[in-house]
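The structure appears below as structure tokens.
The values are calculated or read from the model by the stated rules, or taken from the named source; none is laboratory data. No experiment lies behind these values; they were computed from the predicted model shown. With ideal geometry, Cβ positions are generated from the backbone for all residues, glycine too; neighbour counts draw on all protein chains shown. For the accessible areas, the whole protein counts, side chains as well, though only heavy atoms, and no ligand, DNA or RNA atoms are used. Shrake-Rupley method; radii C 1.70, N 1.55, O 1.52, S 1.80 Å.
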Amino acid sequence: HDLSKRDTISWNALITGYAQHWHSEEAINCFEEMQREGLFPDAITFACILKSCGNLGAAERGEEIHARIVREGLLETNNVLGNALVDMYAKCGVLDKACQVFDQLPVRDIISWNALIAGYCQHGQSEETLKCFEQMQYERLSPDSMTFACILRACGSIGAIEKGKEIHDEIVRKSLLGEDSVLWNALIDMYAKCGELVKAQEVFDELPVRGVVSWTALIAGYAQHGHAGEALDLFERMQGEGFCPDSVTFLCILKACSSIGAADKGEKIHEAIIREGLLGKDSLLSNSLVDMYAKCGALAKAQEVFDDLLDRDVVVWTALMAGYAQLGNHDIVFDLFKKLMREGIEPDLATFTVVLNACSSSGLVKEGEMYFKIMSERYGILPTLEHQTCMVDLFARAGDFEKAMTMIKKMSSCDYLPAWSSLLGACAKWGNVKLGRLAFEHSIRLDEKSAGAYVHMSEIYASAGMQEDADMINALKMRNGQW
């Protein structure tokens with residue numbers, strides 16, 4: 001800003017610096033100031049500003065720049081700008097527009113393809129990511145490390161392990177691994193997400209240089225696939241080797257603690273999060289702490305963390321409610337729900353699942369019907385099969401089998417095992433032989449090895465004095481390996 005005469009080149013140097021180092025707001029501010037000084041942006045300026053719009057998710061601003069580029073006739077002669085547009089729209093999640101620009105490009109190179117593939121991958125459209133990859137290969141373009149990293153991520157998201165292994169082999173054939181940490185980490189992440197933990201560990205052990213991302217990818221895999229103990233061991237090993245966990249690592253470890261009820265270990269993680277100064281900065285971490293304490297039954301600690309939060313979203317309210325519900329404190333669940341509504345926070349699908357289950361456990365039929373009604377009428381939430389099953393359970397437990405069957409008939413799928421299992425359990429409680437038989441037939445058709453179904457049906461027959469039928473069910477149960 002001390003230059004006596006500033007031209008487009010000097011402005012571009014400054015804008016490029018800001019854009020490259022993720023100071024996107026500053027880049028856009030410079031762009032505005034440059035124009036106020038009467039200077040005209042060129043292709044370099046526009047490419048940098050599109051990059052900044054993509055980083056900020058500012059699709060509308062990016063669209064304005066797009067219109068201006070078209071007006072000035074720059075697109076036909078500059079492939080860099082075309083690629084920058086595809087990248088901007090893809091990062092902003094406007095994938096139909098990204099495709100439209102991509103299809104109009106005079107030349108589609110590896111940068112164009114990578115921008116589109118990365119966009120689909122980033123926004124969870126894994127099947128489209130793989131289709132793009134196949135089309136790119138059909139057009140005889142050779143993928144690079146960035147392409148492969150995106151494809152591995154997509155494979156991990158949808159559990160496409162065979163495709164992931166195929167990509168791994170191709171990466172090895174092309175000798176791309178070397179010390180490319182992004183590719184190494186993508187491989188670990190893909191194998192871990194697909195549950196191939198031995199293979200993920202093998203790749204991890206071969207890593208030339210380990211970082212927090214690689215440790216976290218492996219820890220996440222163990223936590224996600226029910227190996228909480230191994231996840232905790234890895235976490236300790238990671239720290240022992242001098243690596244400092246980040247927010248994602250802590251999230252994975254809190255999940256592991258939740259799954260095995262390790263409240264003591266969770267409390268140590270809590271202390272570490274505070275030491276690292278991460279607690280107030282990351283709402284996901286705060287929510288996970290409440291969730292961890294609640295699932296471990298440490299409700300006093302969960303409430304303490306909850307009360308200290310400055311910003312409480314529906315996720316953290318629901319986590320706390322679920323914790324109280326788990327311990328049978330249903331009155332507190334209903335109180336929390338009322339407070340949530342008073343604070344203007346909209347309940348979501350998970351919140352209503354907790355509340356409806358609490359009504360069912362407490363035998364509060366009228367309240368359950370009221371909550372089920374306001375779901376759609378006040379909040380516009382369409383009940384899922386899970387919510388409808390809560391209502392089947394509520395009615396059946398209360399002995400109102402007519403309403404329970406009406407609810408089953410309204411379900412989008414009558415082949416939903418949890419609904420029939422709930423009905424069968426209630427039939428055992430009330431000794432309803434006729435309906436119990438129907439619920440049993442549906443349950444066994446949907447899952448022949450459903451141990452609970454055999455137990456309940458045997459109980460129903462036994463309580464009705466039908467011992468021969470009870471013995472027959474027990475024989476069936478033994479034949480299907482349910483003893």
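Table for the structure above
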quantity: Hz values of 3J(HN,Hα) by residue in the range 359-373 - Karplus curve (6.51, -1.76, 1.60), Gly and Pro given as x; calculated: 4, 4, 5, 8, x, 8, 5, 4, 5, x, 5, 5, 5, 4, 6
quantity: Computed log₁₀ I(q)/I(0) - Debye formula, equal Cα scatterers, no solvent, the range 355-483, q 0.09, 0.14 Å⁻¹; calculated: -0.27, -0.61
quantity: Hull shadow area, averaged, the chain [alpha-carbon convex hull, nm²]; calculated: 30.4 nm²
quantity: Sequence-distant aspartates and glutamates (8 or more away, or on other chains) whose Cα lies within less than 20 Å of Lys449; calculated: Asp415, Glu441, Glu459, Asp469, Asp471
quantity: Positive-end extreme of charge dipole, the range 106-222 - chosen from Ala118, Leu187, Ala149 (charges on Cβ); calculated: Ala118
quantity: Charge dipole magnitude, Cβ of K and R +1, D and E -1 - the chain, Cα centre, debye nearest 20; calculated: 1120 debye
quantity: For the range 314-427: rounded, prolate or oblate by the Cα gyration tensor [a/c cutoff 1.5]; calculated: prolate
quantity: Value in Å of the Kirkwood radius, where the range 366-416 supplies the Cα pairs that are averaged; calculated: 11.1 Å
quantity: Relative contact order, percent, the chain [alpha-carbon distance under 8 Å, six or more residues apart]; calculated: 5 percent
quantity: Shape category assigned to the range 195-263 from the gyration tensor of Cα positions, a/c cut at 1.5; calculated: oblate
quantity: Relative contact order %, the range 52-116, counting alpha carbon pairs below 8 Å whose residues are six or more apart; calculated: 35 percent
quantity: The range 23-173 - Kirkwood radius from inverse mean 1/r over Cα pairs (Å); calculated: 16.2 Å
quantity: Positive dipole terminus of the chain, leading residue within Val198, Ile269, Met405 (C-beta point charges); calculated: Met405
quantity: Eligible aspartates and glutamates near Lys265 by straight Cα distance, threshold 18 Å, same-chain separation 8 or greater; calculated: Glu230, Asp233, Glu236, Asp246, Glu276, Asp291, Glu304
quantity: Rg/Rg_ref, the range 189-310, where Rg_ref = 2.2 N^0.38 Å and atoms are Cα; calculated: 1.05
quantity: D_trans [Stokes-Einstein, Kirkwood Rh over alpha-carbon pairs] for the range 1-62, 20 °C, 1.002 mPa s, µm² s⁻¹; calculated: 187 µm²/s
quantity: Portion, in percent, of the accessible area of the range 140-246 that falls on carbon or sulfur, probe 1.4 Å; calculated: 50 percent
quantity: Mean ellipticity per residue at 222 nm, deg cm²/dmol - from DSSP H runs of n ≥ 4 across the chain, formula -39500 (n - 2.57); calculated: -23500 deg cm²/dmol
quantity: Phi-based couplings in Hz for the range 105-114 (Karplus 6.51, -1.76, 1.60; Gly and Pro marked x); calculated: 5, x, 10, 10, 10, 4, 5, 4, 4, 4
quantity: 21 Å Cα-Cα threshold exceeded, pairs from Lys51/Lys97; Lys373/Lys410; Lys193/Lys281; Lys163/Lys199; Lys403/Lys429; Lys163/Lys255; calculated: Lys193/Lys281; Lys163/Lys255
quantity: The range 1-102, relative contact order in percent, only Cα pairs under 8 angstrom and at least six apart counted; calculated: 23 percent
quantity: Excluding exposed DSSP-loop trypsin sites (Lys or Arg not before Pro) (at most 12 other C-beta within 10 Å), longest clean stretch of the chain; calculated: 141-280
